[in-house]
Amino acid sequence: MNTNQGFKKGFLWGGATAANQIEGAYLEGGKGLSTSDFAAYKDPYASGTVNNFTFNVTSSELEEYTKHSESYLFPKRWGIDFYHHYKEDIALFAEMGFKCFRLSISWARIFPTGLENEPNEEGLAFYDAVFDECAKYGIEPLVTMSHYEMPIALTKKYNGWISRELVPLFEKYAKVILERYKNKVRYWITFNEMNMNLNSLYTGAGVLEDLVENSLEAAYQASHHQFLASALAVKAAKAIVPNVEIGCMINQIEAYAHTTKPEDQLQAVKSNQLNMFYPDVQARGYYPSYIYSYFAENNLTIDSKAEDIEILKNGTVDFVAISYYMSHVAEAREDASKLAGTFDSPIKNEYLELSQWDWPIDPIGLRISLLKLYDRFQKPLFVCENGLGAKDILTEDKKIHDEYRIDYMRKHIQQMREAVKEGVDLMGYTPWGCIDLISCGTSQMSKRYGFIYVDQDDTGKGSLERYRKDSFYWYKEVIASNGETV
Ligand code: BG6
């Protein structure tokens, strides 16, 4: 009998970040340069577009940015200076009542080029200090091993994850951090949103797309290597970390059929399969049959070895984590397979409002996603990202009245709670950018997600003072009531 009344005891309420979007100190503590250090800011306000994506970098841009870095702005190099503010920031998270803090480790802080035999002790010590600070307040870290960055040396030498050489290099990195933090970190995610390789090969896999012949094939080849690396990391985690819980993660974008026309319905099934391919492999331990027909239809050949079957089988995850920002619309049309699983869809859902960055807002889509994912995997789920990117105004008396964010969060949490009542086993909720940070997609500071305002503009100017927004106090109550006040 289903007796679920709401979020379970011990539900992991918290917030999420990523190293490349908060840390800054891009050359301190022995850190090497990483791919995200080369995401140059392109002023969207000047170009008149809402989303001027800085996702992709070409080989000539990389050369130019390396030679003339002083002529560009690279906001992910300064982040919000969490590297020097982590004590203050974690204290604010604790004040909100966080039970969990999702962060990532920068691979280039631990292995500056990815190729060293010995890790960088200063990098390891930094995360020790961060985890100790969390422990002081009883906050569980949820650590992503790879969140949209890797040593740039691996892009230059191997063109990123297109090369199988990265698998043992990542395994070495994973084993080092698992061993080092085995008594401090119980919850892990291997790769952030691996399905986004289909949108941005550079951000997701460190691949310079202009150097590959077929970018779709390259995306699946890089993904194959990441699947192997992830499975090997999962296997290592189970051997090293007591009581470990390790998950995979995708950017969950549920596709609705545009009409009841069977062709549109079929396209929605196919679009969703392309997204589900990622957790299917990581949660079940093998490639699902539908992907082979997709590869054949699109003439894609993915290199693999016989041993890969065993590697995938032995590295299945304990839970499935998602980020959730929007739903999509699928329609039977010429370019349908190209649009499937992508971030930016030209087909609009007339029933949904858009954010200031044109992202459709769909709280019910979160509930639908959770119900479907739980049906499919029967494994615990984790909503490890969700939130509203919006422009905030700091008033003269240093307040931020972000009722629009409260409204967004409330509706999403309500739907999440309904899904839990309907039987979904949900481990936790860590909304994105719990403290304002640099946007991944556009490298803007002005696209803010946080409960905590950080005084800094798109060009890196500002006092870096932290201010509590109205949503800070609201979320604190939500956590204190275990989600009952929403
Ligand atoms: C997710 C990423 O896709 O979306 C985060 O994991 C990212 O890194 C978040 O920041 C929001 O996207 P953006 O482009 O608004 O920063």
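Would you mind getting the accessible area per residue of the chain, heavy atoms of the protein chains only, 1.4 Å probe, in Å²?
Working: 18650 Å² over 486 residues.
On a per-residue basis, the chain sits at 38 Å².
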Per principal axis, largest first, the Cα atoms of the range 209-343 extend in Å by 50, 32, 28
Honestly the range 12-480 on the Cα gyration tensor test (a ≥ b ≥ c root eigenvalues; a/c under 1.5 rounded, otherwise a/b vs b/c for prolate or oblate) is just rounded
Of the listed links Lys8/Lys99; Lys184/Lys238; Lys87/Lys398; Lys87/Lys447; Lys175/Lys235; Lys67/Lys156, those spanning more than 18 angstrom between alpha carbons are Lys87/Lys398; Lys87/Lys447
Taking R0 as 25 Å and r as the Cβ-Cβ distance between Tyr290 and Lys421, the FRET efficiency 1/(1 + (r/R0)^6), rounded to the nearest 0.05, comes to 0.20
Largest-first ranking of Asp392, Asp402 by accessible area, probe 1.4 Å, whole protein assembly kept, is Asp392, Asp402
For Thr58 the rounded accessible area (nearest 10 Å², probe 1.4 Å, non-protein molecules ignored) is 50 Å²
Quick tally, 1.4 Å probe accessible area for Leu115, Leu103, sorted with the most first, runs Leu115, Leu103
Classified through the alpha carbon gyration tensor (a ≥ b ≥ c as square roots of its eigenvalues; rounded if a/c is under 1.5, else prolate when a/b is larger than b/c, else oblate), the range 343-388 comes out prolate
Dipole check, the range 23-164, charges on Cβ (K,R +1; D,E -1), about Cα centroid: among Cys100, Pro119, Thr35 the Cα furthest to the positive pole belongs to Thr35
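Write down the percent of antiparallel bridges among all DSSP beta bridges whose residues are both part of the range 12-480, to the nearest 5.
Details: 6 of 41 bridges.
About 15 percent, rounded to the nearest 5.
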Under a 1.4 Å probe, counting only protein heavy atoms, Met196 has an accessible area in Å², nearest 10, of 10 Å²
Under the 7 Å Cα-to-Cβ spin-label approximation, Thr49 and Lys348 lie apart by a distance in nanometres of 1.8 nm
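Figure the gain on full extension for Ser59 and Glu403 (residue separation times 0.36 nm, minus the Cα-Cα span) and round it to one decimal in nm. Before the final figure, lay out the partial values.
Numbers: separation 344, 0.36 × 344 = 123.84 nm, distance 4.29 nm.
Between Ser59 and Glu403, full extension yields 119.6 nm more.
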Among the range 233-276, those whose backbone N falls under 17 Å of a label point 7 Å along Cα→Cβ from Leu216 are 267-276
One finds the C-alpha centres of the range 191-207 and the range 221-242 to be spaced, in Å, by 17 Å
For the chain, the charge dipole (Cβ of Lys, Arg +1; Cβ of Asp, Glu -1; about the Cα centre) points to a positive end, and the Cα of Gln415, Tyr325, Gly450 closest to that extreme belongs to Gln415
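In the chain, which helices (entire DSSP H runs) extend 18 Å or more along their own long axis, judged by Cα positions, while averaging at least -0.5 on the Kyte-Doolittle scale? Show your work: numbers first, answer last.
Numbers: long enough: 82-96 (21 Å, -0.27); 121-136 (22 Å, -0.10); 166-180 (21 Å, 0.45); 215-240 (36 Å, 0.41); 262-279 (26 Å, -0.86); 363-377 (22 Å, 0.43); 403-421 (27 Å, -1.36).
Helices passing the filter in the chain: 82-96, 121-136, 166-180, 215-240, 363-377.
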With label points set 7 Å from each Cα along the Cα-to-Cβ direction at Asn314 and Glu396, the distance between them in nm comes to 6.8 nm
With +1 on the Cβ of every Lys and Arg and -1 on the Cβ of every Asp and Glu, the dipole magnitude of the range 230-379 about its Cα centre, in debye rounded to the nearest 20, is 500 debye
Restricting to aspartates and glutamates and to Cα separations under 19 Å from Lys182, and discarding same-chain partners fewer than 8 apart, the set is Glu118, Glu121, Glu122, Asp128, Asp132, Glu133, Glu140, Glu171, Glu245, Asp318
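Only Lys, Arg, Asp and Glu count, each charged at its Cβ (+1, +1, -1, -1), so figure out the dipole size of the chain about its Cα centre, rounded to 20 debye.
Numbers: 50 positive and 67 negative charges, 270 e Å.
Result for the chain is approximately 1300 debye, rounded to the nearest 20.
Share of Cα-Cα pairs in the range 1-157 beyond 26 Å, in percent? Write out the running numbers ahead of the final one.
Values: 4568 of 12246 pairs.
Above the 26 Å cut-off, the range 1-157 has 37 percent of its Cα pairs.
Using a 1.4 Å probe on the protein chains only, how many percent of the accessible area of the chain belongs to carbon and sulfur?
After summing per-atom areas, the C and S share lands at 50 percent.
Can you check what the net charge comes to around Ala239, using other residues whose Cβ is under 11 Å from the Cβ of Ala239 (Lys, Arg +1; Asp, Glu -1)? Walk me through the numbers before you get to the answer.
Values: positive: Lys175, Lys182, Lys235, Lys238; negative: Glu179.
Residues near Ala239 contribute +3 overall.
The values are calculated or read from the model by the stated rules, or taken from the named source; none is laboratory data. Because the structure is a prediction, the values reported are computed rather than measured. When we count neighbours, we look across all protein chains shown, and the Cβ atoms used for this are built from the backbone with ideal geometry, even at glycine. Surface accessibility is based on the protein's heavy atoms, side chains included, excluding ligands, DNA and RNA. Shrake-Rupley method; radii C 1.70, N 1.55, O 1.52, S 1.80 Å.
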